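Trainee: What follows is a structure written as C-alpha cells; I'll ask about it next.
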4 protein chains.
Amino acid sequence: MPKLALLIVDVINHFAFDGARALAAAADAIHAPLRALRDRFDAAGLPVIYANDNWTDWHGGFPDLVASSLALGGTSARLAERLAPEDGHFYVLKPKHSAFMATALPVLLQQLDVDRLAIAGIAADSCVLATAIDAHMRDYRLWVPSDCTAARTPALKRAALHVLRYTCRAEVRPVRGGADPFGIRGAGATGSAPT
Amino acid sequence: MPKLALLIVDVINHFAFDGARALAAAADAIHAPLRALRDRFDAAGLPVIYANDNWTDWHGGFPDLVASSLALGGTSARLAERLAPEDGHFYVLKPKHSAFMATALPVLLQQLDVDRLAIAGIAADSCVLATAIDAHMRDYRLWVPSDCTAARTPALKRAALHVLRYTCRAEVRPVRGGADPFGIRGAGATGSAPT
Amino acid sequence: MPKLALLIVDVINHFAFDGARALAAAADAIHAPLRALRDRFDAAGLPVIYANDNWTDWHGGFPDLVASSLALGGTSARLAERLAPEDGHFYVLKPKHSAFMATALPVLLQQLDVDRLAIAGIAADSCVLATAIDAHMRDYRLWVPSDCTAARTPALKRAALHVLRYTCRAEVRPVRGGADPFGIRGAGATGSAPT
Amino acid sequence: MPKLALLIVDVINHFAFDGARALAAAADAIHAPLRALRDRFDAAGLPVIYANDNWTDWHGGFPDLVASSLALGGTSARLAERLAPEDGHFYVLKPKHSAFMATALPVLLQQLDVDRLAIAGIAADSCVLATAIDAHMRDYRLWVPSDCTAARTPALKRAALHVLRYTCRAEVRPVRGGADPFGIRGAGATGSAPT
C-alpha cells in the first residue's frame, strides 16, 4: 500500500557558502521540531530518507559528512548531533539543489512505494523548494512542516512557503501545532519498514 | 562562442485549468513587451525557443496547439496571434512544468552552445519558476524580464520573482525599462543562427 | 489495467548517415510484417507509439519528417507510405538514440499505464537496442519481433538480438511465425484506447 | 583541457544473482589487467571512477560493499582485494544497470572535464554495455579494454564487444597487448587531479 516518507534535506551542513551565517542562525531553530517529527516516522515504521549535498566532496560518504560537521562546532555540530541518520534510515548524496537530480531518489521512492512526502530541512527557498517542485511534477502529494525548514531571510522563507502552498499544493503547517495532514500513525499501521 | 537564448514558456495556452481565468487576465499584459523582446532576439540572430505544455494532447504538434488557441478567442487567441512561433524559431513540447523535464531542451541548448537564458511566459510561480530552477541547477545565467511573465495573483508573482532574484540569482528587470543585462545586441554580433 | 504498447523506432528515416545504404537495404524487408503487427495493435485498441529521430531538424514536426521521407523516394518513401503514423497513434521526437532520453516517452508510458513493450524498427543494434536497454532498466517486459527490425550487417543484427534475448530478457520472435508472447488480443479486450 | 577517465563498473560484487557463477568464473581473469590499467591512470594523475551497483543495500556506503565482498571469499574477495577504491578515487553508487541512470556521474564527469572514457568491469553485455551506450549518446569517446571485462558466456561477451565496436564506435583492445588508444601518459601530462 502506497505510503508516506520523510525527506530531510541538507541538515548535515558545513554552512560554507554565501549567506550561510544568516541561514545557520535560522536553522538553529529547526532541530527540535524536526527531530520530533523524525521520531514519529520512526515509531510508525515509515521511511526516513536523507538527501544531502555532497559539498563537492566526491571521495567520501555520508559518515564523513557527519564527522566533519560535528568537528566544525556551532550550528553544523548541533544539527549533526540531533539529526544524523541512524540505523534504518536511508540516505542519498546529491550533487545539485534538487534531491531528484542525478541521484537514486526516484528509484528508491518507487521501490518503497511512496506517494506522499513530508519535506523538511534547508534552505526553504533553495534545495527544499527545488526538491518539492520536482516532487510535485512527479505527482507526489506534499507536506512542508513550516517549523522544520529555514531560509537566510524571513522574506525568502515567506516567498518559498507561499509558492509551496499555492503552486505545489503542499500542506504548509508546523509540527509544533500538531499538524499531521497525512496521518502518520494510520499510515504506519499498514506500512512495513522496507529493507 | 556561448550565447544567449530566449525561452518562451506556455504562451500558447488554452487557459483550461484551475485558476486559469485570473492567470489569463494577468497574461493579457505580457504580449506587447514579450513580442518586442522576441523581435530584438530575432534581429540579433539569437535563438528563440518555445517550450510549451502539450496540454495532454499527445497526438498533435505545435501547429495544432496554435490553431486551437486561435479558435478559442480571448486571451488564448491574443497571445497566439502575437506570439506564435515563426520560421526559424525552435520549439519543444513539454509534458510537465519544467521545460527541462522529459524534453529535448537540454540537448538543444547544448547544440546551440547557450550559456545564458532569458526566460519569459507563464505562470511565473509555476512553469517559469520550475524551468528557471532547473536552468540554475545546470549553471545557466538567467534573466527573467518581469513584464513578460504573469501569475494568477500579485502575491504569487511577487513571491516567484523574489526567489528567482535572490535564490536563482536571476536578473529580474522589465523589458520596458530598457533592461538588457546580457547585451542582446553584442551577443548577436558573434552569434550565427543555428540551423 | 496495465497494458501492452507497440513502440516503433526511426522508421521515418532519410537514411542519410554512415552505413545508411546497407541499413536501408535490410530495412526494406520490415515494412510488411511491421505493418501487420501495427494493424493488430490498432484492432485490439492498444497504443501505438512512434519514437523517431528528429534528424536534427529542430524546427519541424512529425508531419514534416513524413513529407520529406516520401519526397526522397527509395526505402525512405516505402517505409513512410506503409508506416506513417495515422490518427490515434502517438509520437515523440527523440534527439538521441534511446527513445527514453530527453523525450516525453517516460511520462506518456506512465499515463497510458503500459507495462509491456513490443519494440520494432531500426537499427536493431543502435536505437532499438538503446531503447530496449532503457526500457529493461525501467522494468518493462519486452518483445522484439525479429522480422520487424534490421541492422546494416547480419552480424550486428545477430549480436543485438543475442543481447536483447539473454541480457534484457526480451522475447525475440518473428511476427510472421505467429508470435504473440503478450497476448495482443487478450490485452486489447481490457484496454480502452487512451485519449 | 578535456581529459580521459577510467570508469570501473560493478567489480565490487557479491555475485548473488541469476547466472552469477558463470560470470564470477569469467571475472576472475580481469583483476590483473584491470589493476595494471588503474595503476597507469593513477600514475598519470587521471581520474579513476567506480560506478557500482548498491545491490539494493540502500542503507550503506561503498566501504560497506567492499567489506561484505571481502567477507564472502571467492571471486568477490579476490576482486575486492585487488580493486577496491583507494584514496583519490571517485565512486558513485548506482541503482540500475547504467552508471548514468539516477547517479551523480553526469555531474561528476562535467566537473572533471572528461571527454573520453575507458570503461571496464562487469558484465560486458549488461552494465558495461548499458553504460557505454549512455556515454556514446552523450558524445564521449570510448575505449573498452577487452581483457578488463567479462560476461557469463563467451557468446554474450562477443556480442557485446561487437556492438561496442561497430555501433558505439568504441576502441576494443586489450590492456595486455599494450593498447593505449587515448594516450594515457600524454593526457596525464596536462591533467591535474581534481579535488
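What follows is calculated from the coordinates using simple rules that are stated; it is not laboratory data. Small disclaimer: the values here were computed from a predicted structure and weren't measured. Here the Cβ positions follow ideal geometry from the backbone for every residue, glycine too, while neighbour counts run over all protein chains shown.
Trainee: B:V92's amide H: which non-local residues (gap 5+, or another chain) put their own amide H closer than 5 Å, with H modeled 1.01 Å from N in plane and none for Pro or chain starts?
Mentor: Those qualifying (amide H under 5 Å, at least 5 residues apart or on another chain) are B:Y50, B:A51, B:N52.
Trainee: Shortest first and in nm with one decimal, please list how far the B:P2 label point sits from its counterparts in the other copies (point 7 Å along Cα→Cβ).
Mentor: With the label placed 7 Å along Cα→Cβ, B:P2 yields 1.5, 4.0, 4.3 nm.
Trainee: When all alpha-carbon pairs of the protein assembly as shown are counted, what percent fall beyond 35 Å?
Mentor: When all Cα pairs of the protein assembly as shown are counted, 50 percent exceed 35 Å.
Trainee: If you rotate chain B onto chain C, whose Cβ in B ends up lying nearest the axis, and how many Å away is it?
Mentor: B:G61, 2
Trainee: Then there's this: Compute log10 of I(q)/I(0) for the stretch D:55-159 with the Debye formula, placing one identical point scatterer on every Cα and leaving out solvent, at q = 0.10, 0.21, 0.24, 0.25 Å⁻¹, to two decimals.
Mentor: -0.31, -1.38, -1.53, -1.53
Trainee: Can I ask one more? Starting with the fewest neighbours, write out A:V92, C:V48 ranked by other beta-carbon atoms found within 10 Å of each beta-carbon.
Mentor: Final ranking by Cβ density, sparse to dense: C:V48, A:V92.
Trainee: Can you give me the relative contact order of chain B as a percent, contacts being Cα pairs under 8 Å and 6 or more apart?
Mentor: 30 percent
Trainee: Please compute the net charge surrounding B:E171, taking Lys and Arg as +1 and Asp and Glu as -1 over other residues with Cβ under 10 Å from its Cβ.
Mentor: +4
Trainee: If you don't mind, another one. Put a point 7 Å out from Cα along the line to Cβ at C:A43; what are the distances to that point in the other copies, in nm, shortest first?
Mentor: Relative to the other copies, C:A43 has label-point distances of 6.2, 6.2, 6.7 nm.
Trainee: Ordered shortest first, which distances in nm separate the 7 Å Cα→C-beta label point of D:P63 from those of the other copies?
Mentor: 0.4, 6.3, 6.3
Trainee: Considering chain C as a Gaussian network with a 10 Å cut-off on Cα pairs, which listed residue, C:D134, C:D18, C:D125, attains the greatest mean-square fluctuation?
Mentor: C:D18
Trainee: Return the average number of partner chain Cβ atoms within 10 angstrom of each residue Cβ along peptide C:94-101.
Mentor: The mean count of partner-chain Cβ atoms within 10 Å per residue comes to 5.
Trainee: A further question follows. Past 32 Å, Cα to Cα: identify those pairs from A:K3/B:K94; A:K157/C:K96; A:K157/C:K94; A:K96/C:K157; A:K96/B:K94; A:K3/B:K96, in the order given.
Mentor: Result: A:K157/C:K96; A:K157/C:K94; A:K96/C:K157 exceed 32 Å.
Trainee: Counting other beta carbons within 10 Å of each Cβ, put C:W55, A:W143 in order, fewest first.
Mentor: By the 10 Å Cβ count, ascending, the order reads C:W55, A:W143.
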